[in-house]
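Below: the structure, in structure tokens.
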Amino acid sequence: MPNDKNLKITFCSGAGTVTGANFLLEGNDKKFLIDCGLIQGEKLADDMNWDKFPYDASSIDILFVTHSHIDHIGRIPKLISEGFNGRIISTIPTEELTEIMLADTAHLLSRDIEHDLAAIYTEENIKKAMSLWETLEYGQKLNVDHGFQFSFKDAGHILGSGMLEIIYNNKKIVFTGDLGNSPSPLLPDTDVINDADYMIMESCYGDRNHEQREERKKKLEQVIKDNHKNRGTLIIPTFSLERTQELLYEINSLVENSVINIMPVFLDSPLSIKLTDIYLKYGKYFNETAKKIIASGDRLFIFPGLKETLDTEESKAILRVSPPKIIIAVSGMSNGGRILHHEKNYLSDKNNTILLTGYQSVGTLGRLIHDGAKKVHIMGEDVPLRAHLAIISGYSGHKDSDHLVKFVENTADTVKKVFVVMGEPKSSMFLAQKLNDLLGVNSYVPVAGESVIIEC
Ligand SMILES: [Zn+2]
């Protein structure tokens with residue numbers, strides 16, 4: 001057990017992989033968790049999610065949640081089932097988005113016949129989790145006995161995303177959660193941190209830079225125009241949270257300013273429709289440009305041609321609508337959801353286009369398409385890939401390699417050590433090397449399960 005001056009951090013999972021964020025911070029008789037995410041890869045939920053946590057869940061005082069992506073919240077019901085009864089703390093939008101995301105994940109996991117879902121997810125567990133929830137505004141400080149102070153800064157990653165700052169013994173420890181690819185169309189830029197002593201940071205794109213960041217809207221415009229000319233169907237597999245709203249926001253602007261023709265745009269995802277409603281409610285967390293557009297009376301995500309298809313029959317009927325048309329559906333990596341039906345229906349036609357706008361994890365159908373497969377297997381059928389493939393990496397929700405370095409540069413004079421996590425190993429290693437070489441910042445890539453002591 002560490003003495004009063006030292007804190008111990010255990011990288012329970014989310015080290016050496018992008019997903020499954022779950023970090024334990026212990027010291028001075030207190031135990032805090034930062035995030036409790038689902039481990040994902042080829043499957044929505046890896047087998048490892050069913051393993052017992054490497055700590056006694058009932059001994060945890062507080063779980064802090066950086067944001068509502070499932071790889072940061074997806075094992076909260078399991079934490080409850082293992083006896084957690086502490087406080088759960090996040091920003092206000094994160095609480096509301098999490099409740100919807102957990103219910104959706106429970107529904108998806110209920111189809112997993114290999115595992116007993118009830119062991120980790122029950123309706124009661126989700127209800128109990130929400131009953132333990134408390135919220136903080138950005139910048140609002142929470143003092144916890146034994147000398148800890150916590151607050152969130154804006155990470156600019158998705159609505160409500162926060163970096164957790166912890167002050168203990170006059171030292172500042174920062175858990176970045178995921179860091180937004182600022183400037184974002186919708187959100188304010190990532191807050192600057194210039195006084196951290198220790199940082200635990202993400203590295204999803206630690207070894208790559210995004211192309212076309214500045215031209216992403218122009219490229220989207222071109223893809224839509226080309227598809228219109230081909231009289232094709234443009235299918236966009238997307239993540240329901242943030243990416244969907246960003247795309248709707250951009251298409252809204254293209255339509256409302258008559259840059260593109262009005263055509264049917266289907267938002268074919270009940271989850272995305274629900275989440276978009278929450279985005280409409282929390283406009284006060286958007287950036288100044290988006291706030292101005294709202295003030296002018298435009299409903300950001302709603303434009304002529306847009307059709308929200310809630311039920312399955314409406315979704316099936318999309319096939320009968322003549323092109324040109326656009327279909328936005330989940331999941332973003334094509335590893336489940338309604339997008340699979342559309343991929344099966346449209347990928348073999350050379351007049352159609354599939355547009356990828358996000359990270360495609362190794363082992364997913366999205367990754368195969370991204371890497372140029374000629375044929376893919378979808379729901380029991382071989383589908384030749386003849387549709388155009390368009391990729392706009394600039395829509396990524398994560399900072400790229402150069403911007404991760406810039407983010408750390410602000411605090412290079414104060415930071416004693418950066419722990420690089422939440423990335424594939426080569427990505428984390430590359431970033432750590434860059435931080436060492438370019439900034440002279442002591443950086444380290446822990447492995448899953450490893451514990452470190454930090455001096456405070
Ligand atoms: Zn995230």
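Miscellaneous remarks
- Selection status of Lys225, under 12 Å from Ile326 (Cα atoms) and outside any strand (DSSP E or B): yes
- Remark: Gly37 falls outside the filter, which requires a residue to be surrounded by fewer than 22 Cβ atoms within 10 Å (Cβ to Cβ), within 15 Å of the chain's Cα centre (by Cα) and within 16 Å of the ligand (Cβ to nearest atom).
- Conditions (1) more than 22 Å from Val452 (Cβ to Cβ); (2) away from the ligand (no atom under 16 Å from the Cβ): number failed by Gln149: (1)
- Qualifying residue in segment 396-414 (condition: within 16 Å of the ligand (Cβ to nearest atom) and of a type in the set (S, T, N, Q)): yes
- Residue that is of a type in the set (Ser, Thr, Tyr), within 15 Å of the ligand (Cβ to nearest atom) and more than 22 Å from Phe175 (Cα to Cα), where the choices are Thr94, Thr98, Thr105: Thr105
- Matching option when the condition is more than 16 Å from the ligand (Cβ to nearest atom) and not β-branched (Val, Ile, Thr), among His157, His210, His228: His228
- Filter result for Gly366 (of a type outside the set (Lys, Arg) and in contact with a Pro (Cβ under 9 Å, 6 or more places away or on another chain)): yes
- Residue satisfying all of: in segment 415-424; under 19 Å from the mean Cα position of the chain (by Cα) and closer than 27 Å to Glu455 by Cβ; nearest to the ligand (Cβ to nearest atom) among these: Met422
Here is a yes/no grid of residues against (1) among the aromatic types (Phe, Trp, Tyr); (2) touching a Phe, Trp or Tyr at 6+ places or on another chain (Cβ under 9 Å); (3) free of Cβ contacts under 8 Å to residues at least 24 places away in the same chain; (4) on the phi < 0 side of the Ramachandran plot:
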{"site": "Phe32", "(1), (2), (3), (4)": "yes, yes, no, yes"}
{"site": "Asp47", "(1), (2), (3), (4)": "no, no, no, yes"}
{"site": "Pro54", "(1), (2), (3), (4)": "no, no, no, yes"}
{"site": "Leu63", "(1), (2), (3), (4)": "no, yes, no, yes"}
{"site": "Ile73", "(1), (2), (3), (4)": "no, no, no, yes"}
{"site": "Ile88", "(1), (2), (3), (4)": "no, yes, no, yes"}
{"site": "Ala106", "(1), (2), (3), (4)": "no, yes, no, yes"}
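- Note on segment 114-190: enclosed strands (runs of 3 or more DSSP E) holding 1 or more residues that are at pLDDT 95 or above and within 22 Å of the chain's Cα centre (by Cα) are 133-135, 148-154, 162-168, 171-175.
- Meets criteria (β-branched (Val, Ile, Thr), modelled with pLDDT of 95 or more and more than 16 Å from the ligand (Cβ to nearest atom)) for Ile236: yes
- Note on segment 48-83: residues that are more than 16 Å from the ligand (Cβ to nearest atom), hydrophobic (A, V, I, L, M, F, W, C) and either crowded, with 18+ Cβ neighbours inside 10 Å or under 16 Å from Leu164 (Cβ atoms) (or both) total 7.
- One residue alone among Val445, Val441 is farther than 17 Å from Asp195 by Cβ and more than 15 Å from the ligand (Cβ to nearest atom), and that residue is Val445.
- Residue that is nearest to the chain's Cα centre (by Cα), among those in segment 364-405 that are among the basic types (Lys, Arg) and either over 14 Å from Arg208 (Cα atoms) or assigned to a strand (DSSP E or B) (or both): Arg367
- Segment 290-317 residues that are assigned to a helix (DSSP H, G or I), paired with ones that are of a type in the set (S, T, N, Q) (beta carbon under 7 Å, 6 or more apart): Ser315/Thr309
- Those residues of segment 421-453 which are assigned to a strand (DSSP E or B), under 17 Å from Leu25 (Cβ atoms) and not aromatic (Phe, Trp, Tyr), in sequence order: Val421, Ser451, Val452, Ile453
The values are calculated or read from the model by the stated rules, or taken from the named source; none is laboratory data. These numbers come from a predicted model, not from an experiment. When we count neighbours, we look across all protein chains shown, and the Cβ atoms used for this are built from the backbone with ideal geometry, even at glycine.
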